[in-house]
Amino acid sequence: MSHKFIPVCEPCLAGNELEYITDAVRTGWISSAGKYVTEFERTFAEYCGVDYAVGVCNGTVALHLALVALGVGPGDEVIIPDFTMIATAFAVCYTGARPVFVDAHPDTWNIDASKMEEKITKRTRAILPVHIMGLLCDMPAIDKLAKKHRLFVLEDAAEAHGAEYRGRRAGSFGDISAFSFFANKNLTTGEGGMVVTNNADLYKRSRYHKNLCFPLEGGREYRHDDIGFNYRISNLHAAIGLAQVERADELRAMRRKNHALYVEMLSGIPGISFQKDDNPDYLHVHWMNAILVDEKEYGMGRDALMERLRANGIDSRKLFTGMHRQKALERYGCDTRGEYPVTDMLSDRGLYLPSGSGLSEMDIQRICDEIRVFKTSELK
């Protein structure tokens, strides 16, 4: 019996997305001006618990724009996790600065705050933590270290819409923060991003540089004092984003429910483990349901399991390759020497399973049965 293919992630567009985007098309407001841009920015800032938000065309440029607003540039260094998506490092490179890597924590998979201080030099300008898979980093420790060394903090919250630490949401801890709204994110616009902050000056700088450095006030004259970027988000994408923010709590609950089902159905299988999530101070939003596969205990390696799942109509993805393994960053001039054992372990053993908000319990049961059946047969 053949089953339907289960993709690794599908957007959940079951709210007012079609109504809003149709309105934008019907009224002709399809570019970077329009009511949906301003309303999306306002509601998302409110959702994050910050004062200001600036919509942009994707999450990578949100990071770059935030770094530009902070004044990061050539000669500077920025502390980033070794275990992250390459866009984090590339955004630093765009400024002419150099990313400096810190290994992951073996339990949370986030940047290991205890290993950060040894990487700080006279050139360090900022710390850029990434909330991996939707679990907030140890922001109290990071903020304390940043204050000690007078460094900026830029949160990469691309995977963490609505994640919390003691009721305070992702994006509200750093001097400035960046989000992505790619199609696989908990909240999506298809392509899009957002810079958020409580600092009025950083907000103004972000708005200024995202729109080719046109003056923020007065009439438009084609005279420019600084190098700017065309990083605007369209009213069409913002229309989708507004509809998503209206359902943000519902979509978050769906991801958390699906993760709980995965944990329940995969519990007790030797060699299968999850990112640690047992601290009640943190609310994890589970952007992706990632597992680690210990070949000795499970009896099959990560790659073989992925092939098995694919053969049975189930998609999956490997976890990130460490920044110290990236030829592009080595050629750029980053120091890729040293040992990053936790990152290498996560990269070698990790995969994420289908994780869309709208995934059905039946689909999750089928995925888990496929993982469980191999080990069960081995034990017989």
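The values are calculated or read from the model by the stated rules, or taken from the named source; none is laboratory data. None of the values given here were measured: they were computed from a predicted structure. Cβ: placed from backbone, ideal geometry, glycine included. Neighbour counts: every protein chain shown.
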Being part of a strand (DSSP E or B) and either within 12 Å of the chain's Cα centre (by Cα) or of a type in the set (A, V, I, L, M, F, W, C) (or both) is the filter here, so list the residues in the range 177-207 that pass it. 177, 178, 179, 180, 182, 193, 194, 195, 196
Selected residue [surrounded by 18 or more Cβ atoms within 10 Å (Cβ to Cβ), more than 20 Å from residue 49 (Cβ to Cβ) and among the hydrophobic types (A, V, I, L, M, F, W, C)] from 272, 227: 272
Looking for something under 22 Å from residue 30 (Cβ atoms) and either assigned by TED's automatic domain parsing to the domain that holds residue 36 or in contact with a helix residue (DSSP H, G or I) (Cβ under 7 Å, 6 or more places away or on another chain) (or both) - is there at least one such residue anywhere in the range 215-223? yes
Does the range 166-179 contain at least one residue that is assigned by TED's automatic domain parsing to the domain that holds residue 232, within 30 Å of residue 18 (Cβ to Cβ) and not small (Gly, Ala, Ser)? yes
What is the one condition in (1) more than 25 Å from the chain's Cα centre (by Cα); (2) within 24 Å of residue 164 (Cα to Cα) that residue 374 does not satisfy? (2)
Sort out for me the strands (runs of 3 or more DSSP E) sitting completely within the range 248-360 that have 2 or more residues that are in contact (Cβ under 8 Å) with a residue 24 or more places away in the chain. 289-293, 350-353
Residues of the range 141-164 being acidic (Asp, Glu), in contact (Cβ under 8 Å) with a residue 40 or more places away in the chain and touching a helix residue (DSSP H, G or I) at 6+ places or on another chain (Cβ under 9 Å), in sequence order, are 156, 159
Qualifying position, being among the β-branched types (Val, Ile, Thr) and under 20 Å from the mean Cα position of the chain (by Cα), among 120, 142: 142
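Residues are listed down the side, and each one gets a yes or a no for (1) touching a Ser or Thr at 6+ places or on another chain (Cβ under 8 Å); (2) in contact (Cβ under 8 Å) with a residue 60 or more places away in the chain; (3) within 17 Å of residue 275 (Cα to Cα):
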residue: 93; (1), (2), (3): no, yes, no
residue: 96; (1), (2), (3): no, no, no
residue: 99; (1), (2), (3): yes, yes, no
residue: 104; (1), (2), (3): yes, yes, yes
residue: 110; (1), (2), (3): no, no, yes
residue: 115; (1), (2), (3): no, no, no
residue: 122; (1), (2), (3): no, no, no
residue: 127; (1), (2), (3): no, no, no
residue: 131; (1), (2), (3): no, no, yes
Meets criteria (under 25 Å from residue 178 (Cα atoms) and assigned by TED's automatic domain parsing to the domain that holds residue 165) for residue 282: no
Of all residues in the range 212-247 being touching a residue at least 24 places away in the same chain (Cβ under 8 Å) and part of a loop (DSSP other than H, G, I, E, B), which is farthest from residue 20 (Cα to Cα)? 229
Checked against (1) in a loop (DSSP other than H, G, I, E, B); (2) farther than 17 Å from residue 256 by Cα; (3) in contact with a Leu (Cβ under 9 Å, 6 or more places away or on another chain), residue 125 satisfies every condition except (1)
